[in-house]
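Asks: Have a look at this one.
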Amino acid sequence: MSLYFVTALKAEAAALIDHYRLKARTPKGLFPVYESNTEAHACALVVSGIGKPAAAAATAYLHSLMGEPRDAVWVNVGIAGHHTREVGELVIANKVTDAATQRSWYPPQVLKHTLSTEALITVDRPETDYPKPVMYDMEAAGFYSIASKCSSMEFVQSCKIISDNQQSPADDINRDYVKRLLENNINILADFVKRLEQYATEWRRINAMPEAYDHFVQQWHFTVTQQNILKTQLRRWQVLLPDQVCDISAYKSCRNASEVLSSLGDMLDKRPVKFGM
Amino acid sequence: MSDSIYIEHAIQNHPRVLDLTTRYPNARRIFCERYNEVFNPAAQNFRLQKNNPALILAQKQSGFVLPVPEGYGVGGEHNFYFSHMLNCVYDCRYCFLQGMYRSANYVLFVNYEDFECEIDKTIGAAGDAECWFFSGYDCDSLALEGLSGFVTHFLKFFAERPRAYLELRTKSTQINSLRSHEALSNVVVAYSFTPQAISSALEHKVPSVEKRIAVLQELQQLGWPVALRFDPLIYCENYQFYYKELFAQVFAVLDSQKIHSVSLGPFRLPKSFYNNISRLYPDEALFAGPLALNKGMVSYPEEFEQEMLTFCEKEILEHVPAEIFFPCVAV
């Protein structure tokens, strides 16, 4: 499973680095990256710096650095201001709007959860008047402009912790304060992220390449079209013959990929469809 | 009920929107300019969204009444469909909506009066000819009645237009809106069926065949014209046994003399829809069976399809006269 975080500040990243036991990637590249890589779970975090262009660039950088993973979970974590919401509250963005262009993204809320959600406007300069009853930040739209191309939108979310409001102005924000806000919410945030990852894991399991695929493509030359047909046929095999391993030796008499596909297709076409009856 | 409601800014004070948001005060409200900002973006996963679909309240702008696809009618001269909703509360694996839309969210168009206006224009343009309006093409006509009030609203409209026929196509057993209205001879309630064993495997969240038949019987006794839609026909081992059993089950309970129509349709999907759906459900037995591409449509191989159609037609005609039987097979 792949999980990627984008934060603007090192202070926003600290609690995540600690919780996910991330280590600084060396040598340093364009942006500071922290990662933890096991065979089962890849997790990485990039610190973008402040502002929309930086967030977009850092997201693209991390995506490229990690090998352009598919169906990964991408989470933008950071602080946001709000007219009335209480400082310290974790809020999931249900709409992200770029104030400059008025372009919006709507992160699908597929998880059933009890966390607050709210619209989020990304501004180019700090917003201290909070003119609308929404959250304000300076990065989420930049993050979405790229992350929405990296994965399915259900897996791309922005989680904000309210750092300032009319009673607690943004002028009071400092590094330790931001670190504390994140530390206080890390367990709730990690739980939300874990549930997103469960969805992503299930989706990956459903779409996993059938085991026999590699054996076939090593044995015969399949064109790209034939590779797609092979994947389809092997998936049919998994459904129609769930208890039977697809043994490549049964096709050893086939002279080429075309004969393999014919043989597989003919055999599968004859299998009864039972719908669990 | 959905825990998120998206609302187009322009209709936030529409009476139906106010009613719905009052009735579901705990649902989070998210405003958008146009529903397609939420519904149409490419990188969405229909299967994942089906776990928790949101409701999108929108205003239909154009294309209120459209001609039906070839082969869709039940004998009428002029056939149209209109969709007050996009997407369905049920989760039928063969449904083309999964392949047509990127999002599983429900879109409810609240401007019913604009639909009515276009339906009136269509009736007027047809002169003295009868017009049929099919409502269950992009959604189930009844399943979200508690939320939409669609049937309650349109029964009043069609009651005053006896030359126009409305088909409500459904799998829902929520029929309170029909129970509380006098039966109308120009409103046909059509139920879709597959045999229970197939329904259990493919029609998720759909009421059982037994419950649907009981509801059909009640509607028939209340005087509503009822219809049967065996569409799509699904192939499986021993399909003859399952379909024969289904026909026996249905016709044992219904008064065959009072059935408005029976239609039969093969399983067919445009290639692009099929590709989308089979990518979403690679683990689905329906798509692991024998399928073939013919003239841009994915269906069972011709010999299978013809065999099933012939078998089911013969069985059905043992119960109902040929005049009310409509095999919906587009050429």
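The numbers here are math on the coordinates, done by the rules we state, and not lab data. All values derive from a computational prediction rather than experimental measurement. Virtual Cβ from ideal backbone geometry, glycine too; neighbours counted across all protein chains shown.
Asks: Hey, if you put +1 on the Cβ of every Lys and Arg and -1 on every Asp and Glu Cβ in the protein assembly as shown, which of B:Leu86, B:Ala104, A:Ile186 ends up farthest toward the positive end of that dipole?
Replies: Looking along the dipole axis, the top candidate is A:Ile186.
Asks: Given region A:1-153 reduced to its alpha-carbon atoms as identical point scatterers, what log10 I(q)/I(0) does the Debye formula return at q = 0.08, 0.13, 0.18 Å⁻¹?
Replies: -0.21, -0.57, -1.11
Asks: Tell me the relative contact order for region A:2-206 as a rounded percent, counting alpha carbon contacts under 8 Å between residues six or more apart.
Replies: 26 percent.
Asks: So what is the 222 nm mean residue ellipticity for chain A from helices alone, if each DSSP H run of at least 4 adds -39500 (n - 2.57) and you divide by all residues, rounding to the nearest 500 deg cm²/dmol?
Replies: Details: 7 runs with 106 residues, N = 277.
Helix-only estimate at 222 nm: -12500 deg cm²/dmol.
Asks: How large is the dipole of region B:176-312 about the Cα centre if only Lys and Arg carry +1 and Asp and Glu carry -1, each at its Cβ, rounded to the nearest 20 debye?
Replies: Value, rounded to 20: 380 debye.
Asks: Which Cys residues of chain B have no other Cys beta carbon under 4.7 Å away?
Replies: Within chain B, the cysteines lacking a partner Cβ under 4.7 Å are B:Cys32, B:Cys88, B:Cys117, B:Cys131, B:Cys139, B:Cys236, B:Cys312, B:Cys328.
Asks: OK, next. Treat each spin label as a single point 7 Å out from the Cα along the C-beta direction, and report the B:Ala129 to A:Glu202 distance in nm.
Replies: 4.9
Asks: Once you place label points 7 Å from the Cα toward the Cβ at A:Arg180 and A:Thr38, how far apart are they in nm?
Replies: Once both label points are built, they end up 3.3 nm from each other.
Asks: Using only Cα atoms and rounding to the nearest 10 degrees, what angle (0 to 90) does helix A:257-269 make with the longest principal axis of chain A?
Replies: Between helix and principal axis, roughly 90 degrees.
Asks: How high is the relative contact order of chain B, in percent, with contacts defined as C-alpha pairs under 8 Å that are six or more residues apart?
Replies: Values: 573 pairs, mean separation 48.8, N = 331.
Relative contact order here is 15 percent.
Asks: State which entries of A:Lys194/B:Lys50; A:Lys231/A:Lys274; B:Lys171/B:Lys244; B:Lys60/B:Lys171; A:Lys194/B:Lys211; A:Lys274/B:Lys258 exceed 28 angstrom in Cα-Cα distance in the structure shown.
Replies: Result: A:Lys194/B:Lys211; A:Lys274/B:Lys258 exceed 28 Å.
Asks: To continue, here is another question. Taking every pair of alpha-carbon atoms in the protein assembly as shown, what share in percent sits in each 10 Å bin, from 0 to the bin with the longest distance?
Replies: The percentages, shortest bin first, are 3, 15, 22, 21, 18, 13, 6, 1, 0.
Asks: Have a look at A:Phe5, B:Ile198, A:His82 and report the one farthest towards the positive end of the charge dipole of the protein assembly as shown, computed about the Cα centre with Cβ charges (Lys/Arg +1, Asp/Glu -1).
Replies: A:Phe5
Asks: Using a Förster distance of 22 Å, how high is the FRET efficiency between A:Asp18 and A:Leu115, based on the Cβ-Cβ distance and rounded to 0.05?
Replies: 0.55
Asks: Given a 10 angstrom Cα cut-off, can you work out which residue in A:Gly29, A:Gly142, A:Gly78 is the most mobile in a GNM of chain A?
Replies: The residue that fluctuates most here is A:Gly29.
Asks: Given charges of +1 on the Cβ of Lys and Arg and -1 on the Cβ of Asp and Glu, with all other atoms neutral, how large is the dipole of the protein assembly as shown about its Cα centre, in debye to the nearest 20?
Replies: So the dipole magnitude of the protein assembly as shown works out to roughly 1220 debye.
Asks: With springs only between Cα atoms under 10 Å apart, run a GNM on chain A and tell me which of A:Tyr136, A:Tyr199, A:Tyr213 wobbles the most.
Replies: For chain A, modelled as a Gaussian network with Cα springs under 10 Å, the answer is A:Tyr213.
Asks: Assigning unit charges at the beta carbon (Lys, Arg +1; Asp, Glu -1) and nothing else, what dipole magnitude in debye, to the nearest 20, does chain A show about its Cα centre? Please report the intermediate quantities before stating the final value.
Replies: Working: 30 positive and 31 negative charges, 155 e Å.
With Lys and Arg at +1 and Asp and Glu at -1, about 740 debye.
Asks: Return A:Glu202, A:Glu68 ranked ascending by Cβ neighbour count within 10 Å, so the fewest neighbours appear first.
Replies: So the ranking, lowest neighbour count to highest, is A:Glu68, A:Glu202.
Asks: I'd like the orientation of helix A:10-19 relative to chain A: the angle between its Cα long axis and the longest Cα principal axis, in ° from 0 to 90, rounded to 10.
Replies: On a 0 to 90 degree scale, this one is about 50.
Asks: Let me know the shape class of chain B, please: from the alpha-carbon gyration tensor, a ≥ b ≥ c as square roots of the eigenvalues, rounded when a/c is under 1.5, otherwise prolate if a/b is greater than b/c, or oblate.
Replies: In terms of gyration-tensor shape, oblate.
Asks: If the reach is capped at under 24 angstrom between alpha carbons, list the lysines near A:Lys52, excluding any in the same chain fewer than eight residues apart.
Replies: Counting by Cα, and skipping residues close in sequence, A:Lys52 has these lysines nearby: A:Lys10, A:Lys28, A:Lys95, A:Lys132, A:Lys149, A:Lys160, A:Lys179.
Asks: Rounded to the nearest 5, what % of DSSP beta bridges with both residues in chain A are antiparallel?
Replies: Bridges in chain A are about 35 percent antiparallel.
Asks: Turning to a different aspect of this structure: How about B:Lys271: which lysines have a C-alpha closer than 16 Å to its C-alpha, ignoring those fewer than 8 places off in the same chain?
Replies: Within the straight-line limit of under 16 Å, B:Lys271 reaches these lysines: B:Lys295.
Asks: Relative contact order for region A:210-269: what percent, with Cα pairs under 8 Å and sequence separation of 6 or more?
Replies: With pairs under 8 Å counted, the relative contact order is 44 percent.
Asks: Using only Cα atoms, what is the ratio of the radius of gyration of chain A to 2.2 N^0.38 Å?
Replies: On the way: Rg = 23.4 Å, N = 277, 2.2 N^0.38 = 18.6 Å.
Here the answer is 1.26, to two decimals.
Asks: State the three equivalent ellipsoid semi-axes of region B:92-245, derived from the C-alpha gyration tensor as the square roots of 5 times its eigenvalues, in descending order and whole Å. Mind dumping the intermediate values first?
Replies: Values: eigenvalues 158, 70, 47 Å².
Here the semi-axes work out to 28, 19, 15 Å.
Asks: Could you work out the helix-only [θ] at 222 nm for chain B, with each DSSP H run of four or more residues adding -39,500 (n - 2.57) and the total divided by the number of residues, to the nearest 500 deg cm²/dmol?
Replies: Rounded to the nearest 500, it is -10000 deg cm²/dmol.
Asks: Let me ask another. Have a look at the DSSP beta bridges in the protein assembly as shown and tell me what percent are antiparallel, nearest 5. Walk me through the numbers before you get to the answer.
Replies: Details: 26 of 92 bridges.
That works out to approximately 30 percent antiparallel.
Asks: Using the alpha-carbon atoms, what tilt in degrees (0 to 90, nearest 10) does helix A:175-207 show relative to the longest principal axis of chain A?
Replies: Between the helix axis and the principal axis of chain A, the angle is about 20 degrees.
Asks: To check you understand DSSP bridge types, tell me what percent of the beta bridges within chain B (both residues inside) are antiparallel, rounded to 5.
Replies: That works out to approximately 25 percent antiparallel.
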